[in-house]
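The structure appears right after this line, and notes come after that.
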There are 2 protein chains.
Amino acid sequence: MESGYGKSDQTFLRNYNIRKVRTILREEGPCSRVDLSVKANLDKKTITNIINEMLKNGEVEVVSKSSNGAGRPKENLALNGEYSRCIGLDIGGTHITGVVLDFTGKVLCEHNIDVVNNDSDILFQLCDLVMEELLEKSKLSIDEIDKIGIAFPGHIDIRTGRTVLSENIQGWDDLPILDIFTEKYGKEVMANDCSRLMALAELRYGAGNDERNIIVFDLGLGIGCGIVINRKIFPGSTGMSGEVGHTIVKVDGSRCTCGRNGCIEALASGWALSKQAMDLLKNNESPMLSKTINKNTMIPTTKEIVLAAKLGDDKCIQLLKNAGRYVAIGIINSISIINPSKVIIGGRLIRDNDIFYDEMIKTVKKDAIPELIKDMKIEVSALGDLATAIGAATQCFEEFFEYE
Amino acid sequence: MESGYGKSDQTFLRNYNIRKVRTILREEGPCSRVDLSVKANLDKKTITNIINEMLKNGEVEVVSKSSNGAGRPKENLALNGEYSRCIGLDIGGTHITGVVLDFTGKVLCEHNIDVVNNDSDILFQLCDLVMEELLEKSKLSIDEIDKIGIAFPGHIDIRTGRTVLSENIQGWDDLPILDIFTEKYGKEVMANDCSRLMALAELRYGAGNDERNIIVFDLGLGIGCGIVINRKIFPGSTGMSGEVGHTIVKVDGSRCTCGRNGCIEALASGWALSKQAMDLLKNNESPMLSKTINKNTMIPTTKEIVLAAKLGDDKCIQLLKNAGRYVAIGIINSISIINPSKVIIGGRLIRDNDIFYDEMIKTVKKDAIPELIKDMKIEVSALGDLATAIGAATQCFEEFFEYE
């Protein structure tokens, strides 16, 4: 090897300390110089130098002054949102959701389009549309946007930069996604798996903000999870961690899109539910479902199955409960391996879907190893349907901060 | 919060750089000052200062001199084994294995006792015996030992310091293990789960030495795994990661010691195999096994089952193949979640057990997600039966080194 190590000289230390101060301002909100000195474990002179530089750059601003009567009033400092703004695009199998996020993590505006045809050409055009809407709503020009972050349902092989395992968008497998979007918008583009970016958003701005090790389960058309280890997203060795949807929980169970049997995704995902519900219709086992589905498509969506269940359809209730139980086993197994302090549940599958959700939580609490779940928290995503888009933008800011 | 951050001043930087230099010497073997400067990405003056201090401390020594003809010959430096020696004790359900390890990772001596009665009182006495043998073999006095590292089949709750989930040693649950051993030997004691320490040994000195993210599966009386993330052992949020033996792969499968059903440990561990083989005997289904077992105990061990299988007993062959298949699913599921660059297989269950091992590897290669396994390596533990004891001692040296 030449050197696996970065430089560790004065400049390294200085940059490290600047990132540390930014991170404290991000996590703690407005702080005085004295607060920062205590919290960063740095002497006052170092803090003064760093803050002077940050004020000059415009990345920090004085937001208030407080006085205890004697001496000079203390200035309270905070990150300045206008220092940088990034766009996050969450490209899913059924939607494209975009946000403009500022440097403080504030969502300046959002826009969503439901996707019915996820042909790759159409998706690119719909991305343009969402971009235009976001710029119009935020009254910003594209020049005022620093970077664009993409979330998509699949991985990028860290070594090749190409998409892998993006099963839920046809034609997006083995695509040089970074190059395509960089060329398209003339900006620096970052891209990552949607579940991982949902986890990043919850970690920095949502339900995972106080935790070091979390797993965020993204339940939708597909099923994945984002893993946070020591307050950082863990991508795995080639960028493909979090494939909990393709863990096997029922040897010789139903066939999965991946070609194997008994994966959770084949038993309990959005697409598996549709498939199971179609069987119910074919066998005339669910009279209520035949009334709640869209007659034009005849492919039951989760929403339609949930509606039939709420109207008392036993078969649909059973179908949702089974799915809840299988997802619970995926959660239990992940907890057994990783031992997180919190599990967060997000994604469109849990929206207005209490039958599924309650069964899932009940099973996790009943069947997880008691010692592992005793003090572990389980919560619903705090950022809801925007989580992944926020995560897509958040990845653009990660280099500015330092988590230990 | 007061401060979640450590000091990041000159002393911090200096100590960081010292650990960095030690780590390069550990990983790369003898280096000149010029080599170190390049590899550590530090200027020559800093390296000279650090090496002078290390020579003075006795932690580094000059091992050779090389000359290119002109100028002063280059001194090659290496860690000095005598700088620190630690004892590692691997306390299992069926054995106690000990090693004396020096600062360079060299095993100075080893000692093993097979345990037939794992009553906790007897275990403590057997530990004394192993300690005595180790000191005698190494010709060291207890004063020349710096720390003692313990590996045991269970976890320590990081928050309470007490043992948790140590199912395979009776009476060792909820024990203040650190306090007991510290008082017993009057030394600083470190303790951790046996599978995690097997992983640490393989990471620092074995089959995982070139990898950043690995999973080491420890197959024995119980089944666990040690997880390495970014070249560090990952203990989980309360010290209980790696419970792959208690992941569920067969909904409604056999009853496990943990009270749940379908865990891998209930289907494929050393104790599950014994149980399944006893059923074979009871039903007179395995004539060969009734000849290979110890008539005094009548409880078939893995060794006896393997022997019957090798002699052509179909039922025993099937039993080992099934176990291999279930462990494979645990490996596949762990790979799907974590995406390691290498999987290492260790533990006493694979010893001379090709029928089990080959079926397991065949299933992993066939049923893992192709994109995840394509470039992933699978290897047998390089340190064999000593791995866990070496890991137990290795944990005592971790604070001296720095991995990024």
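The values are calculated or read from the model by the stated rules, or taken from the named source; none is laboratory data. What you see is a predicted model, and the numbers here were worked out from it, not measured in a lab. Note that each Cβ is placed from the backbone with ideal geometry, even for glycine, and that neighbours are counted across all protein chains shown. Just the protein is used for accessible areas: all its heavy atoms, side chains included, with ligands, DNA and RNA removed. Shrake-Rupley method; radii C 1.70, N 1.55, O 1.52, S 1.80 Å.
Structural remarks
- Hits among aspartates and glutamates - C-alpha to C-alpha of A:Lys310 under 12 Å, sequence gap 8 or more where chains match: A:Asp352, A:Asp354
- Equivalent ellipsoid dimensions for the stretch B:64-113 as semi-axes, Å, which come from the Cα gyration tensor, largest first: 40, 9, 6
- Ascending distances from the A:Leu311 label point to its copies in the other chains, with the point 7 Å along the Cα-to-beta-carbon line: 6.8 nm.
- Between this copy and the others, label points of B:Gly186 are 7.8 nm apart in ascending order, each placed 7 angstrom from Cα in the Cβ direction.
- Residue by residue, the stretch B:120-135 carries 3J(HN,Hα) couplings of 5, 4, 4, 4, 4, 5, 5, 4, 4, 4, 4, 4, 4, 4, 5, 5 Hz when phi is fed to the Karplus relation 6.51 cos²θ - 1.76 cosθ + 1.60 (θ = phi - 60°); x denotes Gly or Pro.
- Under the simplified labelling scheme, the B:Lys362-A:Lys275 pair shows an inter-label distance of 2.7 nm, with each label point 7 Å from Cα along Cα→Cβ.
- Principal axis dimensions, largest first and in whole angstrom, of the stretch B:42-197 by Cα: 67, 35, 25
- Around A:Gly149: net Lys/Arg minus Asp/Glu count, Cβ-Cβ under 15 Å: -2
- Per residue, the protein assembly as shown exposes 41 Å² of accessible surface when a 1.4 Å probe is rolled over the protein heavy atoms with every protein chain present.
- Using all pairs of distinct alpha-carbon atoms, the Kirkwood hydrodynamic radius of the stretch B:102-261 works out to 17.3 angstrom.
- Taking the helices alone, the protein assembly as shown has a mean residue ellipticity at 222 nm of -12500 deg cm²/dmol, built from -39,500 (n - 2.57) per DSSP H run of at least 4 residues and averaged over all its residues.
- For B:Asn57, inter-copy label distances in nm, listed shortest first [label point 7 Å out on the Cα-Cβ vector]: 3.4
- Shielding by other protein chains, A:172-184, mean Cβ within 10 Å: 0
- Per-q log10 I(q)/I(0), the stretch A:124-165, q = 0.25 Å⁻¹ (Debye; single scatterer per alpha-carbon; no solvent): -0.90
- Cβ-defined net charge surrounding A:Leu307, 13 Å radius [Lys, Arg +1; Asp, Glu -1]: 0
- Potential lengthening between A:Asp314 and A:Val34 on full extension [0.36 nm per residue; Cα-Cα distance subtracted]: 94.5 nm
- Cα-centred dipole magnitude for chain A, charges only on beta-carbon of K, R (+1) and D, E (-1), debye, nearest 20: 1140
- Low-density loop positions, trypsin sites (Lys or Arg not before Pro), the stretch A:155-201 - DSSP coil, at most 10 other Cβ in 10 Å: A:Arg159
- Of the residues B:Cys109, B:Asn76, B:Leu13, the one whose Cα sits farthest towards the positive end of the charge dipole of chain B is B:Asn76 (charges of +1 on Lys and Arg Cβ, -1 on Asp and Glu Cβ, taken about the Cα centre).
- Restricting the stretch A:146-213 to GluC sites (Glu not before Pro) that sit in a DSSP loop and have at most 16 other Cβ atoms within 10 Å of their own Cβ leaves nothing.
- Across A:Tyr205, A:Tyr326, A:Tyr185, mean-square fluctuation computed from a Gaussian network of chain A (C-alpha pairs under 10 Å connected) peaks at A:Tyr185.
- Pair-distance profile P(r), taking every C-alpha pair of the stretch B:44-135, with 5 angstrom steps and integer %: 3, 12, 16, 14, 11, 9, 8, 8, 7, 6, 4, 2, 1, 0
- The distance between label points at B:Asp121 and B:Arg162 comes to 2.2 nm (points 7 Å beyond Cα on the Cα→Cβ vector).
- Viscosity 1.567 mPa s, temperature 4 °C, Stokes-Einstein D of the stretch A:137-204 from Kirkwood C-alpha radius, µm²/s: 99
- Expressed in Å, the radius of gyration and Dmax of the Cα atoms of the stretch B:237-334 are 14.5, 49.
- Once backbone amide H atoms are built at 1.01 Å from N, A:Ser254 has A:Gly262 as its partners under 5 Å, excluding neighbours fewer than 5 places away on the same chain.
- Only protein heavy atoms count here, probed at 1.4 Å, and on that basis chains B and A bury about 5500 Å² of accessible area in total.
- Cα centroid of the stretch A:234-291 to Cα centroid of the stretch A:9-69, whole Å: 49
- Qualifying aspartates and glutamates (Cα of each under 18 Å from Cα of B:Lys291; at least 8 residues distant if same chain): B:Asp279, B:Glu304, B:Asp313, B:Asp314
- In this simple spin-label approximation, A:Phe12 and A:Glu285 carry label points 7 Å from Cα along the Cα→Cβ vector, and these lie 6.2 nm apart.
- Per atom type, chain B shows carbon and sulfur on 49% of its accessible surface, probed at 1.4 Å.
- GNM top mover of A:Val63, A:Val228, A:Val107 - chain A, alpha-carbon springs below 10 Å: A:Val63
- Computed E for B:Lys187/A:Ile113 - FRET, C-beta separation, R0 56 angstrom, nearest 0.05: 0.30
- Descending by average beta-carbon neighbour count within 10 Å, the peptides B:352-365, A:261-274 line up as A:261-274, B:352-365, the highest first.
- Summing Cβ point charges (Lys, Arg +1; Asp, Glu -1) relative to the Cα centre of the protein assembly as shown gives a dipole of roughly 340 debye.
- Amide hydrogen proximity for B:Val164: with H placed 1.01 Å from N in the peptide plane, the residues at 5 or more positions away or on another chain lying under 5 Å are B:His155, B:Ile156, B:Asp157, B:Asp174.
- Which of A:Val63, A:Thr257, A:Leu320, positive extreme of dipole for chain A (C-beta unit charges): A:Val63
- Distance violations [Cα-Cα > 32 Å] among A:Lys321/B:Lys315; B:Lys282/B:Lys374; A:Lys377/B:Lys366; A:Lys275/B:Lys342; A:Lys315/B:Lys250; A:Lys342/B:Lys250: A:Lys321/B:Lys315; B:Lys282/B:Lys374; A:Lys377/B:Lys366; A:Lys275/B:Lys342
- P(r) tail, chain B: Cα-Cα pairs separated by more than 39 Å, 24% of all pairs.
- Summing +1 for each Lys or Arg and -1 for each Asp or Glu among the other residues whose beta-carbon sits under 11 angstrom from that of B:Asn230 gives +2.
- Cross-link reach list, lysines versus A:Lys44, counting only Cα pairs under 17 Å and skipping chain neighbours closer than eight places: A:Lys20, A:Lys74, B:Lys7
- Residue with peak Gaussian network fluctuation, chain A [Cα springs, cutoff 10 Å], from A:Gly347, A:Gly236, A:Gly226: A:Gly236
- With R₀ set to 22 Å, the beta-carbon distance separating A:Gln170 from A:Arg351 gives a calculated FRET efficiency near 0.35.
- In this calculation the C-beta distance from B:Arg19 to A:Ser141 is compared with R0 = 51 Å, giving a FRET efficiency of 0.60.
- Heavy-atom accessible area, 1.4 Å probe, ligands and nucleic acids excluded: residues of the stretch A:337-373 down by at least 20 Å² from chain alone: A:Ile337, A:Ile338, A:Asn339, A:Asp367, A:Ile369, A:Glu371, A:Leu372
- Applying D = kT/(6 pi eta Rh) to the stretch B:268-404, where Rh is the Kirkwood radius over alpha-carbon pairs, T corresponds to 10 °C and eta to 1.306 mPa s, the Stokes-Einstein value obtained is 95 µm²/s.
- The equivalent ellipsoid of the stretch B:21-91 has semi-axes of 25, 14, 12 Å, largest first, where each one is the square root of 5 times an eigenvalue of the Cα gyration tensor.
- According to the calculation over all Cα-Cα pairs in the protein assembly as shown, the P(r) per 10 Å bin from zero is 2, 12, 20, 23, 20, 14, 7, 2, 0, 0 %.
- Kirkwood's formula applied to the C-alpha pairs of the stretch A:342-393 gives a hydrodynamic radius of 12.3 angstrom.
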